[in-house]
1. Assuming 0.36 nm per residue, please report the length gained on full extension of the stretch S90 to L13 beyond their Cα-Cα distance.
2. What FRET efficiency comes out for A60 versus L204 if R0 is 30 angstrom and r is the Cβ-Cβ distance? Round to the nearest 0.05.
3. So for each of 139-148, 226-235 I average, over its residues, the number of other beta carbons within 10 Å; can you give me the resulting order with the highest mean first?
4. Between T139 and R165, take the C-beta separation as r, use R0 = 25 Å, and let me know the FRET efficiency to the nearest 0.05.
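Coordinate-derived values only; no laboratory data. All values derive from a computational prediction rather than experimental measurement. Neighbour counts run over all protein chains shown; Cβ positions are idealised from the backbone, glycine included.
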Amino acid sequence: MLPPKNPASSIALRVATAMHQMGIEGLPRNYELVYEAYAGSNPELVREFVALGKNRTQDALDALGRKYLPHHHEAGLLSRHNGHVRAELSNFISLLNEEKVSLTDYGRLIGDASRVILAEGDIDHVELGQSITALKVATEKRATQNSTVVRAVVNKTAALADLQREAEDAETAKFVDALTGLGSRRAFNKALAKVYANPNMPVLCGLAVGEIDDYSRISEQMGATVAERFLKQVSKIVQTVTNGGDLACRFDGARFGMLFYTSEQEEVSRIVDLVRVKLASTAVVNGGSGRALGQAQMSFGICFSEQAPNAFDLTSYAERALATSKAAGGNTVTVYGEGGFVPKDWLIYKKQSVGGFGG
């Protein structure tokens, strides 16, 4: 019996084939851009990618990448930030140098006035009046210059703070799914790498990969806008049932990943079950007619770190378990086992296998 196909591998092959057919160079940043466009997780990206038509030059692709996948263009972002910071600091140094010259001139006027006032003998009232007038004018000028310096310091500090926020936002964008606010696939990969930081003693955890059954068809019935709102609803469910230390991610389309820092199968099963129960009670309607489409059903594949020697295998095993659930007709949970795939048709799931989307 042939093992079930890994859906991630199938998508990867189709993306690579599409890139070859479209004449897109096989760069990592191009692959992720085409993958995201193909998965359809970001409708705006899909629309802009399709709008390129035959004008799929590297410059055009990079323009899309800078907008939707900024983490692939960090060098350009850092270069631009460095240029801005240098310009702001250069202006600031020039301002301080001007302030230094101005203070020197002001000090000289104060010294001249002091010599007139402290001179022995009769005071030359004309010279004293001139010194006082010059000192008054210089003092007023200093007051104005001080205000200008303060404003300049405030403005440049604000400009530098804006650059810092932009850099922080770009850093955050690497690890956040733009549509749902959950972790991105990159955040998931980073967390998995930490699990196997010590390959001889991985962190005990469980991975659940889930996918909404028949999402492509039901998203067409709902319409793009309603489908996005529905995915956000699902994301809230996934996020609320996970503990503070666990990680909830959206991979692409209607596929989600949950990394639990526990190796207790009963606990992982309980949380997965809770997601399915809450999802079953979520109202899903047709975006055009407003007609209820029924209950949404979700399949899962589960694997534990003690069953996999590395992060790649942990993900692969969970994906294969999910493929087994999908091949069994959906609305099923499968736990990966050493002897193969062990479908877990718990009674509660059988009770929930009604009211799904109609054909």
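1. So the extension gain works out to 22.7 nm.
2. Step by step, r from the Cβ atoms, then E = 0.05.
3. 226-235, 139-148
4. Calculated value: 0.05.
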